[in-house]
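K.L.:
Structure incoming, see below.
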Amino acid sequence: MEISANAFNSGLNGIQAGQRRVEQAAGDIASNTINPAQQANQTPPQNQVNPSSQVSERNRPDLTESLVALRVGENEVRANARVVDTADEVLGTLIDTRA
């Protein structure tokens, strides 16, 4: 029984970690959006430097990394949900065998 409880806890902790990763990545993606009108107007001439836009560009999370983190979080949740399902099946089999 103790092994099954550890599997449940491990699975639930993994699901929570995956959810946190997905929430963080989704927040990064949402904060990285820019509407096309702003993007077209945002390209300054080569001889003009706009330090405020450069600073904001550096502070933005990378969209590619955020999308990858989103997919990793999704896979993490799915894998840990399977761990919980398997632990549930094992516990059910143990109870059926013992009864």
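Each reported figure results from applying straightforward, stated rules to the coordinates on display, with no laboratory input. Not measured: the values here are computed from a predicted model. Cβ placement follows ideal geometry from the backbone for every residue including glycine, while neighbour counts extend to all protein chains displayed.
K.L.:
For the stretch 93-98, what does the Karplus curve 6.51 cos²θ - 1.76 cosθ + 1.60, with θ = phi - 60°, yield as ³J(HN,Hα) per residue in whole Hz, taken in order and with x for Gly and Pro?
P.N.:
Once rounded to whole Hz, the list reads 5, 4, 5, 5, 5, 6.
K.L.:
At a Förster distance of 22 Å, what's the computed FRET efficiency of residue 79 paired with residue 24, Cβ-Cβ distance as r, to 0.05?
P.N.:
0.75
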